[in-house]
Amino acid sequence: MSCSAIYILDVKGKVLISRNYRGDIDMSVIDKFMPLLMEKEEEGLLTPIIQTVDCTFAYIKTNNLYLVSTTKKNANIALVFVFLHKLVQVMAEYFKELEEESIRDNFVVIYELLDELLDFGYPQTTDSKILQEYITQEGHKLEIQPRIPVAVTNAVSWRSEGIKYRKNEVFLDVIESVNLLANSNGNVLRSEIVGAIKMRVYLSGMPELRLGLNDKVLFESTGRGKSKSVELEDVKFHQCVRLSRFEIDRTISFIPPDGEFELMSYRLNTHVKPLIWIESVIERHAHSRVEYMIKAKSQFKRRSTANNVEIVIPVPHDADSPKFKTTIGTVKYAPEQNSVNWTIKSFPGGKEYLMRAHFGLPSVECEDSEGKPPIQVKFEIPYFTTSGIQVRYLKIIEKSGYQALPWVRYITQNGDYQLRTN
Amino acid sequence: MTDSKYFTTTKKGEIFELKSELNNDKKEKKKEAVKKVIASMTVGKDVSALFPDVVNCMQTDNLELKKLVYLYLMNYAKSQPDMAIMAVNTFVKELPSSQLAKDCEDPNPLIRALAVRTMGCIRVDKITEYLCEPLRKCLKDEDPYVRKTAAVCVAKLYDISSGLVEDQGFLEQLKELLSDSNPMVVANAVAALSEINESTPNGQPLVELSTNTINKLLTALNECTEWGQVFILDSLSNYSPRDDREAQSICERITPRLAHANAAVVLSAVKVLIKMMEILAGDTEFCNTMSKKLAPPLVTLLSSEPEVQYVALRNINLIVQKKPDILKHEMKVFFVKYNDPIYVKLEKLDIMIRLASQVNIAQVLSELKEYATEVDVDFVRKAVRAIGRCAIKVEPSAERCVATLLDLIQTKVNYVVQEAIVVIKDIFRKYPNKYESIISTLCENLDTLDEPEARASMVWIIGEYAERIDNADELLDSFLEGFADENAQVQLQLLTAVVKLFLKRPQHTQGLVQHVLSLATQDSDNPDLRDRGFIYWRLLSTDPAAAKEVVLADKPLISEETDLLEPTLLDELICHISSLASVYHKPPTAFVEGRSAGIRKTLPARQGSEEASAPEATVIPNQESLIGDLLSMDLGAPAAPVSAPIVAPTSNVDLLGGGLDILLGGAPDINSAAAVAPSTTGLLGDIFGLSAAPAMYTPPKVCWLPADKGKGLEIHGTFSRRAGQISMDMTLTNKAMQAMSGFAVQFNKNSFGIAPASPMNVPVLQPGQSLEYSLTLNTAGPVQRMEPLTTLQVAIKNNVDVFYYACQMPIQVLFTEDGTLDKRVFLTTWRDIPSANEVQYTVNDIKGNTDAVSSKMTLSNIFTIAKRNVEGQDMLYQSLKLTNNIWVLLELKLQPGVSTATLSLKSRSVEVAPYVFQAYDSILKN
């Protein structure tokens, strides 16, 4: 069902720290991990799960560290991976950056955390805000013994009681990321929006919040079908949201954690025009040169503006002597990523810009063929959501009856935005 | 200040130094020393020698120090069991277990929990004695944090000493915790119970969940942490609800979990829901609603971290096989992104093929072609294979797929070409006589093939189509030069291919066949190769005609879906969604040792639902073993029994002797000249559109050979069966200006071995004259599976020319007179045939009552075995037998006054079903 042990390894496979939870697998099996990983990589059979006679390794890689879990049983492997990612998140919240150095610097706390996060291989409390109340880096300075926060076993396991703010405020960010995949002849293969509502909550006590959106299902069920609404295809909520309540009447009600968190995410397929469209003409003259003609078009409303637009155009790794010409923005050759990056600080809607690039190619061709990486686009459009989602209200009720102000911001940005070239 | 300084002491007398520091009176010094010990332990140094000194520090108020000492204790108690026990024995009054027990009563719940948690982790038998009392208390502790820790501790104890847990009544206490007021305690108790249930010695769960507990769990589900939700959902997936109502209510209460941000919660919820849907399969509406709700969360899983995506994709692969409807519209989300990790790319490809259908095939193919030009070799190979699989799966796309493969072959990228050739071999097998025109292109790439599978495939193609490749002998000869260096599968394939070539074109290939036979039988160490060589040799020398029958026998058709999981395994794996088993696609018993594998899970039996009516594809082994499959196919008997050879065996034993003359003067190759065949659909419409009512229903004559194709000869015809004798009834008309004579007829090999029983004996046909001729047929001819099954290709010769046409036999002429089954035999046979072989059909426009129907059918050799009246419906149980001994069992459900009837058919050769249905249609409507 669960992990037998957790290891954190450096990039060479040396164990930095480990914790044995079940004692059913010899801890030295980890010595086989790195050689096996190399072998699988060589064979092109690399998967995040490696099976051996003694056990199964499941691992993730982050910042040049491997987090490895072992098991001998038919473990719930989805749980293991989600947990490993959560582990990274908790440690990052504790030590800012999870890396080799921060592990050595904090090994005592890490042992304490590993003890609290998992018991016998079963994940327990993983909310770092709550953990920080009784597992602290300055533990040795405290004279009084720490107590378990009530939240650990409470139904509301993500918020402690007795939080106080002089000014009660809530910030809501509605962030929509546009994922796009277009093929080389200009057809959009996939276009979807992954939205997220992120909150920063500075509220005293145990406030009850209710969020109102222009959700199509809700509008239709309450007879407001004609108003402008958005059909959310799949919604995922932070654990604080009462899911059964949402299932019944689409009400989003919750007691929020303190501080910053992601309240919900949603996904919807769009049929809108790609916000920024790129047309590319690439002429390769083998052994001599390659020429690029890139046209960028903004296809959103004129009154909106995209900021920090960056168009990343892949070029062959053996290209040399770059030459650029453009009407706007700056163009830089980034040989370390084999790309040309065209940045436009401010790109208003309904405009079209052009950039030309020219590279020399060596006369001797390189042996291994290169892939055809897609053109990628990064951008941010403030005060705008592609889906048209709107926060209609955020009701805040606390028994002390204070007034709190919600602030809402909208922003649309690129997600996985790829346009294939030919 | 950081902890890294603790790692830096590497002086010589380190252990000694640490020892004295540990025994220092100052608390601060002591703690520093313990930290140094733990640091050494972390980097893998053996500090077990300090055991008594470290354990001595246990008596402290400092929580941090206490935790470190406990950690040390857990680490070394196991690896140094003797010392641990010694420590226990020597300091039994104080250390360590009694201190632990004392800590279990500490006023601070954090320390109580810590103590009970640690005790469970000291996996030394002797310590368990000290554990029972404190554990019992902690399970009843007032603080939920302690109770939830104690719950897990029961599972730990069970792992060390299962007897103790049962004897001491901990199971009962654990069960009580399922009703605890705190959701976290409930969740951990469930986790502990599931673990214990899975590891019982006899594999039987110790604690069964009751409806009551299920309700409590469902309530706790809304309140506990995300992880607790996973524990609860996983244990719910082992529960079998009492009735449909309960199943439905569980579904309703679990569905909201699909909106949880944690992917593990979502997948576990999916597992429970799919299991419940299986129970509720009868309620189509409910299942459809559920299916709709399942799709979006599954798609969203593809936006999670790559490792989670991988697990999700492996599971989706199972779900798509079990419930193809759920994701049938979601093809696009499985398109591969440039920056996906390779393991995600490969899994996405697999699912794309599973979802490929006529609707989306264009998109899929253009994607696959794009992938085939990428750089990652493994991915490219799989993409090329995927194109081949699409061709086999989605018939109308075959031509496009072949064209795409040809384009790819033109790229001359070595591994692409090889992969393409391997899949083209499969396409040839699926669609015989359709795409052979590309063989020449394939042959151009012969020299570049260096992988055994590709070489073997190419050799197979050459052998199979030896008659169409002019220089087949030269090509094969070139392979023989390096015979000894070839891989075994290529050697086997070469042997077979050369023998095929010899049987097809014996003129100039005798040297070649002798050469390969001697290579195989005399120079090889491989027993398989030698055996096969000897078999061929004997066959060729004793009975060349039989050799032809065997070696050139028809291969069973390749099935549509490759590597489908076997249904029972699939059902088992569905019960293990989100676990390792679902990723490996293997049952837990295959990789978990001993008892902890748990009992075998399977989906509950469906209630009130009819078996799926869609015929399931037969499972054939995956790509890797396909070539092996092909190899063995040559010797295996085809689906229909091999009938007697056309030519009587000669006694001439000389390998190169006169017996082969027969081969040389073989029949005209009808195969390649079937172009005149009229479209089959129109033909069938004609056959069944008109009515006539003879004793046994004979369809009216249709035009087989129009005068303009037959140089003036026009043939109309039909088939009939009279007194067990099949005949082909023809009307021959001469519309030419000259007399026709010298008529002869020959049939191509066909599915049922139909052949003329006597030569055609037609007098001279004068211009303008028309005459009726009935050709008696038998079923002793050579068998080759045709598509459609009832196709018969005919060659008619006269003094003018040879004409070819294809016609469809109504299958009822093949129903034999001895097609009755004993009632009991009928019943057992019906039960023995797997439900996958059951097909249903609705017959419309039935005339007459049940008895009339029954007697009408008997005239056509469809025999009614039994008749039953169930709830106002007449059920007729019928059987029939085809000339090639295929039995077909049927159940006809008639309602008086209603002209439609439901027909269920079961047969071991279910492919005859559509034709039988046609027969029913035509018989019952006339």
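Each reported figure results from applying straightforward, stated rules to the coordinates on display, with no laboratory input. Since we're looking at a predicted model, the values are computed, not measured. Positions of Cβ are backbone-derived with ideal geometry, glycine not excepted, and every protein chain shown enters the neighbour counts.
Looking at the structure I just gave you, is A:Y66 touching a Phe, Trp or Tyr at 6+ places or on another chain (Cβ under 7 Å), within 27 Å of B:D340 (Cα to Cα), part of a strand (DSSP E or B) and within 9 Å of chain B (Cβ to nearest Cβ)? Spelling it out, it is not the case that A:Y66 is touching a Phe, Trp or Tyr at 6+ places or on another chain (Cβ under 7 Å), within 27 Å of B:D340 (Cα to Cα), part of a strand (DSSP E or B) and within 9 Å of chain B (Cβ to nearest Cβ). Of all the criteria given as (1) in contact (Cβ under 8 Å) with a residue 12 or more places away in the chain; (2) in contact with a Pro (Cβ under 9 Å, 6 or more places away or on another chain); (3) at the interface with chain B (Cβ under 10 Å from one of its Cβ atoms); (4) surrounded by fewer than 19 Cβ atoms within 10 Å (Cβ to Cβ), the one not satisfied by A:L46 is (1).
Pairs meeting the criteria (first residue in segment A:408-422 and in contact (Cβ under 8 Å) with a residue 60 or more places away in the chain and more than 14 Å from chain B (Cβ to nearest Cβ), second residue assigned to a strand (DSSP E or B) and surrounded by 18 or more Cβ atoms within 10 Å (Cβ to Cβ), beta carbons under 6 Å, at least 6 apart or on different chains) are A:V408/A:L172; A:Y410/A:V174; A:I411/A:I175; A:T412/A:E176; A:T412/A:I381; A:Q413/A:S177. With respect to the conditions (1) more than 10 Å from chain B (Cβ to nearest Cβ); (2) under 24 Å from B:Y6 (Cα atoms); (3) without any contact (Cβ under 8 Å) to a residue 40 or more places away in the chain; (4) surrounded by fewer than 20 Cβ atoms within 10 Å (Cβ to Cβ), A:Q89 falls short on a single one, namely (2). Test B:E399 against the stated conditions and say whether it is within 10 Å of chain A (Cβ to nearest Cβ) and assigned to a helix (DSSP H, G or I). Against the criterion (within 10 Å of chain A (Cβ to nearest Cβ) and assigned to a helix (DSSP H, G or I)), B:E399 does not qualify.
Condition check for B:R868 on (1) touching a strand residue (DSSP E or B) at 6+ places or on another chain (Cβ under 8 Å); (2) touching a residue at least 12 places away in the same chain (Cβ under 8 Å): one failure, at (2). Against the numbered list (1) among the basic types (K, R); (2) more than 10 Å from chain B (Cβ to nearest Cβ); (3) buried (at least 21 other Cβ atoms within 10 Å of the Cβ), A:K73 comes up short only at (2).
Restricting attention to segment B:570-580 and to residues that are in a helix (DSSP H, G or I) and within 24 Å of A:A58 (Cα to Cα), the residue that is farthest from the other protein chains (Cβ to nearest Cβ) turns out to be B:L570. So for segment A:20-40 (the condition being surrounded by 22 or more Cβ atoms within 10 Å (Cβ to Cβ) and either more than 8 Å from chain B (Cβ to nearest Cβ) or hydroxyl-bearing (S, T, Y) (or both)), does at least one residue qualify? Checking segment A:20-40: at least one residue is surrounded by 22 or more Cβ atoms within 10 Å (Cβ to Cβ) and either more than 8 Å from chain B (Cβ to nearest Cβ) or hydroxyl-bearing (S, T, Y) (or both). The set of residues in segment B:465-513 that are among the aromatic types (F, W, Y) and not in a helix (DSSP H, G or I) contains only B:Y465. Scanning segment B:283-310 for residues that are aliphatic (A, V, I, L, M) and at the interface with chain A (Cβ under 7 Å from one of its Cβ atoms) returns B:V299, B:V308.
Table: residues versus (1) aliphatic (A, V, I, L, M); (2) touching a helix residue (DSSP H, G or I) at 6+ places or on another chain (Cβ under 6 Å).
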site	(1), (2)
B:I409	yes, yes
B:K412	no, no
B:K425	no, yes
B:L449	yes, yes
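For segment A:53-60, state whether one or more residues are surrounded by 15 or more Cβ atoms within 10 Å (Cβ to Cβ), out of contact with any helix residue (DSSP H, G or I) (no Cβ under 7 Å at 6 or more places or on another chain) and either on the phi < 0 side of the Ramachandran plot or facing chain B (nearest Cβ under 8 Å) (or both). Spell out how you get there, then give the answer.
Looking only at segment A:53-60, we keep the residues that are surrounded by 15 or more Cβ atoms within 10 Å (Cβ to Cβ), and these are A:55-60.
Next, only the ones that are out of contact with any helix residue (DSSP H, G or I) (no Cβ under 7 Å at 6 or more places or on another chain) stay: A:59.
Add one more test, that the residue is either on the phi < 0 side of the Ramachandran plot or facing chain B (nearest Cβ under 8 Å) (or both), and what stays is A:59.
Yes, segment A:53-60 contains at least one residue that is surrounded by 15 or more Cβ atoms within 10 Å (Cβ to Cβ), out of contact with any helix residue (DSSP H, G or I) (no Cβ under 7 Å at 6 or more places or on another chain) and either on the phi < 0 side of the Ramachandran plot or facing chain B (nearest Cβ under 8 Å) (or both).
Is it the case, given these coordinates, that B:V516 is farther than 30 Å from B:R389 by Cα and either in contact with a His (Cβ under 8 Å, 6 or more places away or on another chain) or surrounded by 18 or more Cβ atoms within 10 Å (Cβ to Cβ) (or both)? Judged against the criteria, B:V516 is a match. Only residues that are in a loop (DSSP other than H, G, I, E, B) and crowded, with 17+ Cβ neighbours inside 10 Å were counted in segment A:399-420, giving 2. If the condition is being touching a strand residue (DSSP E or B) at 6+ places or on another chain (Cβ under 8 Å) and among the basic types (K, R), then segment A:62-84 contributes only A:K72. Tell me, please, whether a residue that is within 29 Å of B:F335 (Cα to Cα), out of contact with any Asp or Glu (no Cβ under 7 Å at 6 or more places or on another chain) and either away from every other protein chain (no Cβ under 14 Å) or among the small types (G, A, S) (or both) can be found in segment A:198-218. Scanning segment A:198-218, I find no residue that is within 29 Å of B:F335 (Cα to Cα), out of contact with any Asp or Glu (no Cβ under 7 Å at 6 or more places or on another chain) and either away from every other protein chain (no Cβ under 14 Å) or among the small types (G, A, S) (or both), so the answer is no. When we screen B:E166, B:E198, B:E223 for residues that are of a type in the set (D, E), more than 14 Å from chain A (Cβ to nearest Cβ) and either in contact (Cβ under 8 Å) with a residue 12 or more places away in the chain or surrounded by 24 or more Cβ atoms within 10 Å (Cβ to Cβ) (or both), the only hit is B:E166. When B:M730 is tested against the conditions (1) farther than 18 Å from B:A707 by Cα; (2) surrounded by 21 or more Cβ atoms within 10 Å (Cβ to Cβ); (3) hydrophobic (A, V, I, L, M, F, W, C), the lone failure is (1).
When restricted to residues that are exposed (fewer than 11 other Cβ atoms within 10 Å of the Cβ) and in contact with a strand residue (DSSP E or B) (Cβ under 8 Å, 6 or more places away or on another chain), segment A:363-392 contains 0.
Within segment A:282-301, the set of residues being more than 32 Å from the chain's Cα centre (by Cα) and surrounded by fewer than 16 Cβ atoms within 10 Å (Cβ to Cβ) comprises A:E283, A:R284, A:H285, A:A286, A:H287, A:S288, A:E291, A:M293.
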